[in-house]
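One structure below.
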Amino acid sequence: MDLNSDQLNIETPELVAIEMPLAGIGSRFIALLIDTLIWGAGLLVLAILVWLFRPAMQAFSNLSYQWTVAIVTLIMFLLNWGYFTLFEAFWNGRTPGKHVARIRVIQRSGRPIGIFESMARNFVRYVDQIPFFYAVGVITMFVTRQHQRLGDLAAGTL
């Protein structure tokens, strides 16, 4: 495996050279922006449903309302983590935003990612987001030769 500045070159066992451009910060930002808008729309629908059913839940007891808050928090986590994880694992390494930006997640070997790589890289996404809007992830992308964020390093993906 050879690496130019923004190019991944892989030589297969059949001695066929495959060249793949590495996604930069611009294309990743476009993909994340589109995915955030889609995810935000899903959260808006969830918020409207909670708002509609909140009075009914409060009528039962304060404990029911606390359970509702806990369940909504869990659903928000699953929407955020599951959105990226499931799309990448089952849609050839792409989310809708990555599809528009024409990028995909692959293993360092050039092979498609599976559910475990997707789960690992997206679980570490929460660290990449610290302290604000992907600051740790962006810094890591500038420091690594293959423009990887921490989630990519943890999962062995590009």
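What the table below lists for this structure:
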{"quantity": "Exposed-site-free run, longest, the chain (rule: chymotrypsin sites (Phe, Trp or Tyr not before Pro); DSSP loop; at most 12 other C-beta within 10 Å)", "calculated": "1-131"}
{"quantity": "Karplus (6.51, -1.76, 1.60) ³J(HN,Hα), θ = phi - 60°, over the stretch 27-33, in Hz, Gly and Pro reported as x", "calculated": "5, 5, 5, 4, 4, 5, 4"}
{"quantity": "Per residue accessible area of the chain, 1.4 Å probe, in Å²", "calculated": "62"}
{"quantity": "Residue-span extension gain [Val45 to Tyr65] - 0.36 nm each, minus C-alpha spacing", "calculated": "5.3 nm"}
{"quantity": "The chain, relative contact order [Cα under 8 Å, separation at least 6], %", "calculated": "21"}
{"quantity": "Accessible surface ranking that places the most exposed of Met141, Met119, Met20 first, with a 1.4 angstrom probe", "calculated": "Met119, Met20, Met141"}
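The values are calculated or read from the model by the stated rules, or taken from the named source; none is laboratory data. Given the structure is predicted, the values throughout are model-derived calculations rather than measurements. Note that we place each Cβ from the backbone using ideal geometry, even for glycine, and neighbour counts take in every protein chain shown. Only protein heavy atoms, including side chains, enter the accessible area calculation; ligands, DNA and RNA are left aside. Shrake-Rupley method; radii C 1.70, N 1.55, O 1.52, S 1.80 Å.
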